[in-house]
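Here is the structure we will look at.
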Amino acid sequence: MPRVLLIDDEPGARAELRWHLESHPGYVVAGEAATFDEAVALLRSAAYDLVLLDIQLVGGTGFDAVPAIAPTARVIFVTAFDQHALRAFEVNALDYLLKPVSSARFAAALARFAAVPAAAPRAAAPAPLRLDDRILLRLDSAHERFVGLADIRSIASCENYTEVVLVTGEKLLVRRTMKAWDDILPPGHFGRVHRTVIVALAQIERIVRLNRAALEVHLRGQRDPLPVSYRLVADLRAKLGARWPQE
């Protein structure tokens, strides 16, 4: 009996998927999630065979959640936007359904799932993001934008949102949590200076020691420095290496 996870930030969309599944005896809903953090927690803890995954989630995207999917499980993306289809198959999705999903199209997707050997491992997730990659940012329910990781100066927490400051000084309020950023940013190029702030290491102009216990980071093109949390000094020092100020 295939176990299915429903991950979508809209209750009505999850209800529609449950309705479709009821027409296919033998499938059972093993769990549901509405936000990115809930999705990752569910994907890592539940027992399941198939994931019906929305791309637009509060705190991140469905693509960001793919690494948490069990190796033998399959994923079918369900979204209102057709421009993500190519990337969906790049991350080895079994199918890509556009909302509103027709009964015939849903049945065809389940037929594809049924044709896959039960124990066959899903293809490996794509390699971690690199500095020259571009990422899709969800600005609000109707607007998205691609941004190059090399164009990011800093990222600051705003509850379930984050403020992304580009090297041009432009600021974007993004529906993505700090945890979601931690999971996808290349660690050799980004680091936390505070619990609520991530900076691009290449954008650090200098580090000033105020006293024995206090440091501040000055970023290129930014007037105000950022305080460095004492707990994060060792990690930041290791990442900067020779660029760390001499004692």
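The values are calculated or read from the model by the stated rules, or taken from the named source; none is laboratory data. These figures come from a predicted structure and were not determined experimentally. Using ideal geometry, Cβ is built from the backbone for each residue, glycine included, and neighbour counts are taken over all protein chains shown.
Is it fair to say residue 179 is surrounded by fewer than 19 Cβ atoms within 10 Å (Cβ to Cβ), closer than 26 Å to residue 62 by Cβ and in contact with a Gly (Cβ under 8 Å, 6 or more places away or on another chain)? Considered against the rule, which asks whether it is surrounded by fewer than 19 Cβ atoms within 10 Å (Cβ to Cβ), closer than 26 Å to residue 62 by Cβ and in contact with a Gly (Cβ under 8 Å, 6 or more places away or on another chain), residue 179 comes out as yes. When you look at residue 127, is it hydrophobic (A, V, I, L, M, F, W, C), out of contact with any strand residue (DSSP E or B) (no Cβ under 9 Å at 6 or more places or on another chain) and modelled with pLDDT of 90 or more, yes or no? For residue 127, the condition - hydrophobic (A, V, I, L, M, F, W, C), out of contact with any strand residue (DSSP E or B) (no Cβ under 9 Å at 6 or more places or on another chain) and modelled with pLDDT of 90 or more - is not met. Looking at (1) over 16 Å from residue 9 (Cα atoms); (2) over 18 Å from the mean Cα position of the chain (by Cα); (3) at pLDDT 65 or above; (4) among the aliphatic types (A, V, I, L, M), which one does residue 69 not meet, given that it meets all the others? Only one criterion is unmet by residue 69, namely (2). Annotation note: Cβ proximity below 9 Å between a residue of the range 214-231 that is exposed (fewer than 12 other Cβ atoms within 10 Å of the Cβ) and a residue that is assigned to a loop (DSSP other than H, G, I, E, B) (sequence gap 6+ or interchain) occurs for 230/213; 230/214; 231/195. The condition of being within 22 Å of residue 56 (Cα to Cα) and buried (at least 19 other Cβ atoms within 10 Å of the Cβ) holds for only one of 155, 204, that being 155.
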